[in-house]
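Chemist: Quick one: this structure, given as structure tokens, is what I'll be asking you about.
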Amino acid sequence: MYHCFSLSLREVELILAARGIVVSYETIRAWGLRFGRTYAKTLKRRRPQPGNKWFLDEVFVRIRGKLHYLWRAVDQHGNVLDVMVQSRRNTKAAKRFFRKLLKGLCYVPRVIVTDKLGSYGAAKREVLPGVEHRQSRYLNNRCEVSHQSTRRRERHMRRFKSVRQAQQFLATHTPIHNHFQLRRHCLTASEYRAARDRAFATWRESTGIALVD
């Protein structure tokens with residue numbers, strides 16, 4: 001199942017066919033819709049406590065020809081904390097995203113880092129008044145880089161079809177992507193293999209299925 005969120009559906013269909021499992025890519029899509037969100041929620045509950053430094057950014061996505069904004073927050077370790085698709089990037093939208101983050105994480109960060117969009121400052125003063133706020137177009141590269149996996153998936157899917165579909169997919173894709181994003185560049189080969197084995201073991205426990213490589 002985790003392949004469904006890193007490869008295209010047709011690529012997964014070919015991988016399964018090579019193992020003697022003949023199913024259509026539409027069946028694989030149905031599996032993702034039916035089970036993906038449950039698996040993602042389980043992995044999200046089991047993840048370690050995120051960091052106390054949040055990087056926030058928004059990037060535009062075009063859905064059926066209309067401009068929307070994908071809001072994203074990551075911690076200092078590169079773990080995606082949450083994502084949210086909205087039609088605006090004004091103060092109201094920023095406050096809505098802040099409240100979604102606080103509700104899901106149940107703690108207040110030490111510092112937040114954003115670009116110079118004025119909506120962040122206005123929302124922060126109301127929702128996170130005691131938190132340090134750093135604004136710079138150069139400090140927020142960690143979150144901007146994190147958008148790249150979404151852009152790749154967007155191309156695979158030939159753009160999102162609706163706001164609801166985009167939000168549902170990203171809410172599922174993000175925890176699963178986090179789980180297998182092991183920061184390989186920071187680990188030795190043996191450390192990476194050990195971390196990968198732990199990730200696979202947790203995946204099996206969370207999904208209740210045997211993982212076939």
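Chemist: Tell me, please, whether a residue that is within 30 Å of A94 (Cβ to Cβ), among the charged types (D, E, K, R) and modelled with pLDDT of 70 or more can be found in the range 182-199.
Modeler: Looking through the range 182-199, at least one residue is within 30 Å of A94 (Cβ to Cβ), among the charged types (D, E, K, R) and modelled with pLDDT of 70 or more.
Chemist: Looking at T150 and the list (1) of a type in the set (S, T, Y); (2) at pLDDT 85 or above; (3) closer than 16 Å to V83 by Cα, which single condition is not satisfied?
Modeler: T150 satisfies all of (1) of a type in the set (S, T, Y); (2) at pLDDT 85 or above; (3) closer than 16 Å to V83 by Cα except (2).
Chemist: Mind checking which pairs have a first residue in the range 113-130 that is in a loop (DSSP other than H, G, I, E, B) and a second that is surrounded by fewer than 18 Cβ atoms within 10 Å (Cβ to Cβ), Cβ under 6 Å, 6 or more apart or different chains?
Modeler: D115/R137; K116/Q135
Chemist: Mind checking which helices (runs of 4 or more DSSP H) fall wholly inside the range 7-111 and carry at least 1 residues that are closer than 22 Å to E126 by Cβ and among the hydrophobic types (A, V, I, L, M, F, W, C)?
Modeler: Qualifying helices (runs of 4 or more DSSP H): 91-105.
Chemist: Does G36 qualify as being in the same structural domain as I176 (by TED's automatic domain parsing), of a type outside the set (F, W, Y) and at pLDDT below 85?
Modeler: Answer is no for this residue.
Chemist: Something else: Any idea which residue in the range 68-122 is nearest to Y138 (Cα to Cα), counting only those that are among the hydrophobic types (A, V, I, L, M, F, W, C) and over 19 Å from the mean Cα position of the chain (by Cα)?
Modeler: Quick first cut of the range 68-122, residues among the hydrophobic types (A, V, I, L, M, F, W, C) only: 70-71, 73-74, 80-81, 83-85, 93-94, 97-98, 101-102, 105-106, 108, 111-113, 117, 122.
Restricting the remaining residues to those that are over 19 Å from the mean Cα position of the chain (by Cα) gives 108, 111, 117, 122.
On the way: V108: 24, V111: 16, L117: 13, A122: 20 Å.
Residue satisfying both the conditions and the ranking: L117.
Chemist: Also, quick follow-up: Quick one: I28 ticks every box in (1) in contact with a helix residue (DSSP H, G or I) (Cβ under 7 Å, 6 or more places away or on another chain); (2) without any contact (Cβ under 8 Å) to a residue 40 or more places away in the chain; (3) in the same structural domain as Q135 (by TED's automatic domain parsing); (4) of a type outside the set (S, T, Y) except a single one, so which number is it?
Modeler: (3)
Chemist: Same structure, new question: Applying the selection to the range 54-103, what residues are free of Cβ contacts under 8 Å to residues at least 24 places away in the same chain and in contact with an Asp or Glu (Cβ under 7 Å, 6 or more places away or on another chain)?
Modeler: Of everything in the range 54-103, just one residue is free of Cβ contacts under 8 Å to residues at least 24 places away in the same chain and in contact with an Asp or Glu (Cβ under 7 Å, 6 or more places away or on another chain), namely K100.
The values are calculated or read from the model by the stated rules, or taken from the named source; none is laboratory data. As the structure is a computational prediction, the values presented were derived from the model and not from experiment. Here Cβ is always computed from backbone atoms with ideal geometry, including for glycine, and neighbour counts include all displayed protein chains.
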